[in-house]
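Colleague: Just passing along the structure, written as structure tokens.
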Amino acid sequence: MQNENIFICENIGVADNGNLSFAGQDTVMLAKKYGTPLYLMDEDRIRKICRTYIGAVKKAFGDNGKVMYASKASSFKRIYEIMLEEGMNIDVVSCGEIYTAYSAGYPLSNAYFHSNNKTDEDIAFAMDKGVGYFVVDNEEELYAIDTEARKRGIKQSILLRITPGIDPHTFEAVATGKVDSKFGSAIETGQAEQMVEIALSLEGIELSGFHCHVGSQVFDSDVFLRSADVMLDFILDIKNKFGYVAKQLDLGGGFGVRYLASDPVYSLEDVISEIGDFVNKKVAELGIELPIIGFEPGRSIVADAGMTLYSVGTVKKIPEFINYVSVDGGMTDNIRYALYGAAYTLTLANKATENHNMLCSVVGRCCESGDIIQENVYMPDSVTRGDYLACMTTGAYHYSMASNYNRIGRPPIVMLREGTSYLAVRRETVENLISLDI
Ligand code: LLP
């Protein structure tokens, strides 16, 4: 396999000295400067994608377009500062995400608080911090939010999370829009309608509209059109039954990104424009007003802005069986192969121009056979201890899903901006790891 397959995003290149470059910077120099394993984040790319989204929704829906960054994809203080600077709203799912955004000075009136099981403590915490909208999953939660809001003498704005009954054909673990999903209330079972009726009757609740999210890593625009179709019919149905007109319709996130050269290339602008045409036409047909249309992308904002750099340790060749290339990270900083069998593009950063001709499995350093970054990939057969290995497209659901299994500290996050680099999250030290132990 030749290395032209590594250029899956415009920010990946090879420098004159043959080293892999990312956001125009030499990855080998970055690995030497900051140590490995290391998460790199291309800040210019993140900002560019935010602007693309905001421009596209404005074109499609005018002032009625809204974009929220689903911060579960990657949550740390600096990312919320960037979102604030770029005029993005945010989606948060826990007190931890709320507190991180709050600590970064992000105004939480622009936040949408998700989760399918908010505890009473979560609800109180979010209200203390002034979270703008709760996205309510189920009936118990609706009553719990109402109780807390009334106690405080406020009306809490909410969206109801509705399950439109759509199968997005993605990994089972990230499909969320089907009727039997653990998320939301289904239209098909009548529970969605019941939720509306209850929400409208509660004194502490201000129903602002509806939300749906059918899955993640979706490439087929038809999935978004079908959910918009179902949701707009639902809005009309509710208007006819209760005289209630939804002010907001959040169509969720899920836009796919390229992990491999073979993944489809598409334009976000085109997809949003297609959704815009569809929604505007449908709204006119139904004779309803265009609600605020929200999108909630996570992965597509940060995934290809990320790259992980590792140092190669052991290279174990088991003749006639398999070759293992072991790196100084693993399932602790990238759980996605173990969890979903997710595909990645890998290369040797310091030998990017060498022929990658040795079939191998790239594995981590954890005590677990499933600790695999990727199977059946090619590395140069000169691969040896001390080489640097790069794994592409690791900006989403990597740092945010990292663990301390084997008491391994999480890698730092280094931001790349206009040819410079700076630390946004420090490397977790052994002292940090025992800091909660009494
Ligand atoms: N909105 C809601 C309500 C969601 O549940 C999610 C993702 C998003 C937005 C953002 O979706 P995105 O644009 O990132 O696809 N850990 C999995 C992904 C889980 C996604 C969970 N929800 C992975 O690593 O692939």
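Colleague: Only one of Asp233, Asp237, Asp229, Asp250 is of a type in the set (D, E, K, R), closer than 25 Å to Val196 by Cα and touching a helix residue (DSSP H, G or I) at 6+ places or on another chain (Cβ under 7 Å); which?
Modeller: Only one candidate passes the filter, namely Asp229.
Colleague: Of these, Met307, Met331, which one is of a type in the set (A, V, I, L, M, F, W, C) and under 16 Å from the mean Cα position of the chain (by Cα)? Steps first, answer last, please.
Modeller: Details: Met331 fails: under 16 Å from the mean Cα position of the chain (by Cα).
Unique residue meeting the criteria: Met307.
Colleague: Please work out if Asp328 is within 16 Å of the ligand (Cβ to nearest atom), touching a Pro at 6+ places or on another chain (Cβ under 9 Å) and among the acidic types (Asp, Glu).
Modeller: On the way: within 16 Å of the ligand (Cβ to nearest atom): no; touching a Pro at 6+ places or on another chain (Cβ under 9 Å): yes; among the acidic types (Asp, Glu): yes.
When the stated conditions are applied, Asp328 does not pass them.
Colleague: Wholly within region 40-131, which strands (runs of 3 or more DSSP E) include no fewer than the required count, namely at least 1 residues that are under 19 Å from Ile158 (Cα atoms) and more than 14 Å from the ligand (Cβ to nearest atom)?
Modeller: Working: elements: 65-70, 89-92, 111-113.
Answer list for region 40-131: 65-70.
Colleague: Where in region 367-438 are the strands (runs of 3 or more DSSP E), entirely inside, with at least 2 residues that are within 28 Å of Ser300 (Cα to Cα) and β-branched (Val, Ile, Thr)?
Modeller: Working: elements: 372-379, 388-392, 413-417, 420-425.
So the answer is 372-379, 413-417, 420-425.
Colleague: Identify, from the list Asp229, Asp233, the residue that is at pLDDT 95 or above, more than 14 Å from the ligand (Cβ to nearest atom) and loosely packed, with under 15 Cβ neighbours inside 10 Å. Spell out the reasoning first.
Modeller: Values: Asp229 fails: loosely packed, with under 15 Cβ neighbours inside 10 Å.
Of Asp229, Asp233, the one residue that is at pLDDT 95 or above, more than 14 Å from the ligand (Cβ to nearest atom) and loosely packed, with under 15 Cβ neighbours inside 10 Å is Asp233.
Colleague: Next question. Can you confirm whether Asn350 is more than 17 Å from Asp304 (Cβ to Cβ), away from the ligand (no atom under 16 Å from the Cβ) and touching a Ser or Thr at 6+ places or on another chain (Cβ under 9 Å)?
Modeller: Values: more than 17 Å from Asp304 (Cβ to Cβ): yes; away from the ligand (no atom under 16 Å from the Cβ): yes; touching a Ser or Thr at 6+ places or on another chain (Cβ under 9 Å): yes.
Yes: the conditions hold for Asn350.
Colleague: Can you run down the residue pairs with Cβ atoms below 6 Å, 6 or more apart or on separate chains, where the first is in region 107-134 and at pLDDT below 95 and the partner is buried (at least 17 other Cβ atoms within 10 Å of the Cβ)?
Modeller: Cβ pairs passing all conditions: Ser115/Val93; Asn116/Asp137; Asn116/Phe183.
Colleague: While we're here: Limited to region 125-141, what total is found for residues that are closer than 12 Å to Ile162 by Cα and β-branched (Val, Ile, Thr)?
Modeller: So the answer is 2.
Colleague: Of all residues in region 318-343, how many are loosely packed, with under 13 Cβ neighbours inside 10 Å and not aromatic (Phe, Trp, Tyr)? I'd like the intermediate steps shown before the answer.
Modeller: Just the residues of region 318-343 that are loosely packed, with under 13 Cβ neighbours inside 10 Å, to begin with: 318-321, 341.
Filter once more, so that each one left must be not aromatic (Phe, Trp, Tyr): 318-320, 341.
Matching residues across region 318-343 total 4.
Colleague: Name the strands (runs of 3 or more DSSP E) wholly inside region 237-322 in which the number of residues that are within 16 Å of the ligand (Cβ to nearest atom) and in contact with a His (Cβ under 6 Å, 6 or more places away or on another chain) is 1 or more. Give the derivation first.
Modeller: Numbers: elements: 248-250, 292-295, 306-318.
In region 237-322, 248-250 are the strands (runs of 3 or more DSSP E) which contain 1 or more residues that are within 16 Å of the ligand (Cβ to nearest atom) and in contact with a His (Cβ under 6 Å, 6 or more places away or on another chain).
Colleague: Starting from region 190-213, keep only residues that are more than 16 Å from the ligand (Cβ to nearest atom), then list their pairs with residues that are modelled with pLDDT of 95 or more and β-branched (Val, Ile, Thr) whose Cβ atoms are within a distance under 6 Å, requiring at least 6 positions of separation or different chains.
Modeller: Val196/Ile238; Ala199/Ile205; Ile205/Ile158
The values are calculated or read from the model by the stated rules, or taken from the named source; none is laboratory data. Here the structure is a predicted model, which is why all the values come from computation and not from measurement. All Cβ positions, even for glycine, are placed from backbone atoms using ideal geometry, and neighbour counts span all protein chains on display.
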